[in-house]
1. Of the residues 391, 301, only one is more than 28 Å from residue 11 (Cα to Cα) and loosely packed, with under 15 Cβ neighbours inside 10 Å; which?
2. Suppose we filter segment 164-186 for residues that are more than 18 Å from residue 106 (Cβ to Cβ) and out of contact with any strand residue (DSSP E or B) (no Cβ under 7 Å at 6 or more places or on another chain); how many remain?
3. Could you count how many residues in segment 173-206 are in a loop (DSSP other than H, G, I, E, B) and either over 24 Å from residue 77 (Cα atoms) or touching a residue at least 40 places away in the same chain (Cβ under 8 Å) (or both)?
4. Among the residues that make up segment 26-46, is at least one of them without any contact (Cβ under 8 Å) to a residue 12 or more places away in the chain and in contact with a helix residue (DSSP H, G or I) (Cβ under 8 Å, 6 or more places away or on another chain)?
5. Does residue 209 qualify as being in a loop (DSSP other than H, G, I, E, B) and under 21 Å from the mean Cα position of the chain (by Cα)?
6. Could you please find all residues in segment 183-214 being in contact with a helix residue (DSSP H, G or I) (Cβ under 6 Å, 6 or more places away or on another chain) and surrounded by 15 or more Cβ atoms within 10 Å (Cβ to Cβ)?
């Protein structure tokens, strides 16, 4: 890939993914129940080897994968991304035993993963987590001894008490990557990441009625026991686990948005070039043509910024936080603009249930909020810019 175009092999691979989305994945998505995990769709993603690609791909390949799936089937894209988001901390920070136990099932689409970071009082400010991991005595009856019989070095485990909310795939996931406050230091320095199976005693969940085709729910932790074998990485280093995951997935959220924008743009080109109006077609009207040109230009700019952020991640650039934030910000805001104007140019038909744009209009709003709202991305960008100035 150059700075401006994909290679022939990459373009062909993206084309095959778009065709697969339309041929196999879209029919499975349409049979799914809104607000529930679509396990047949997950199984198909596993059978096609796409879930495996999430864990072996670089950031650019992940972006191309998500963009191509989003173009043809947003539900398939979201199902794949949520598997990656929930299980990537296990891949990067998990022990050999954790990886062996959970990742094969995730790759095959048999096990459902979830990333449990947000709380009722800690959405955008992830460092303000309140879910408490309180130390518990080891030995007989202790939390550490009660979880697979393994004690920590000092003979103690933890009990999780509190709530998580707006967690994708909850309460139907098979395991959760959970971030809790263990108190080694203030703010982000006192957060630990845990792998918590869904059947752990004291863990319950409730579905939330959200504008989303996939499940989103809350989780209640009533003294849930966890031991050292459940820790992902090191105690007190969980915030870094979360940020490493988000730095990889933020550009690919932008890719998801670009895929939706490109689908909306292509639908608009077809509609406006064929729809009769005022003695010609809509495309003959300068107001329409100029709007389409603006939609296309913004989409292309967002696409290139996403690819640049992914390239920065793959090259190990120190600019990853800034570039990832820029990519997510511009791409998600652009997708909202493009889909909204596509609806306007289509007119009433775009609001009919089942129309592509009616679907995209509902899907496009959430990415501006999750994995860091647009306002958070602007804050990250500004902080990184001023940090660079101070370093010079």
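The values are calculated or read from the model by the stated rules, or taken from the named source; none is laboratory data. Given the structure is predicted, the values throughout are model-derived calculations rather than measurements. Here the Cβ positions follow ideal geometry from the backbone for every residue, glycine too, while neighbour counts run over all protein chains shown.
1. Details: 301 fails: more than 28 Å from residue 11 (Cα to Cα).
Testing whether each residue is more than 28 Å from residue 11 (Cα to Cα) and loosely packed, with under 15 Cβ neighbours inside 10 Å leaves just 391.
2. 4
3. So in segment 173-206, the residues in a loop (DSSP other than H, G, I, E, B) come out as 173-174, 182-186, 198-202.
Then drop every residue that is not either over 24 Å from residue 77 (Cα atoms) or touching a residue at least 40 places away in the same chain (Cβ under 8 Å) (or both), which leaves 173-174, 182-186, 199-202.
Of the residues in segment 173-206, 11 are in a loop (DSSP other than H, G, I, E, B) and either over 24 Å from residue 77 (Cα atoms) or touching a residue at least 40 places away in the same chain (Cβ under 8 Å) (or both).
4. Yes: segment 26-46 contains one or more residues that are without any contact (Cβ under 8 Å) to a residue 12 or more places away in the chain and in contact with a helix residue (DSSP H, G or I) (Cβ under 8 Å, 6 or more places away or on another chain).
5. Yes, satisfied.
6. Scanning segment 183-214 gives 183, 188, 191, 192, 193, 194, 195, 213, 214.
Every residue, every condition in (1) in a helix (DSSP H, G or I); (2) crowded, with 24+ Cβ neighbours inside 10 Å; (3) at positive phi, yes or no:
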site: 236; (1), (2), (3): no, no, yes
site: 244; (1), (2), (3): yes, no, no
site: 254; (1), (2), (3): yes, yes, no
site: 257; (1), (2), (3): yes, yes, no
site: 260; (1), (2), (3): yes, yes, no
site: 265; (1), (2), (3): yes, no, no
site: 270; (1), (2), (3): yes, no, no
site: 273; (1), (2), (3): yes, no, no
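Every residue, every condition in (1) within 16 Å of the chain's Cα centre (by Cα); (2) modelled with pLDDT under 95; (3) buried (at least 22 other Cβ atoms within 10 Å of the Cβ); (4) part of a helix (DSSP H, G or I), yes or no:
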| position | (1), (2), (3), (4) |
| --- | --- |
| 23 | no, no, no, yes |
| 62 | yes, no, yes, yes |
| 66 | yes, no, yes, yes |
| 83 | yes, no, yes, yes |
| 86 | yes, no, yes, yes |
| 106 | yes, no, yes, yes |
| 135 | no, yes, no, no |
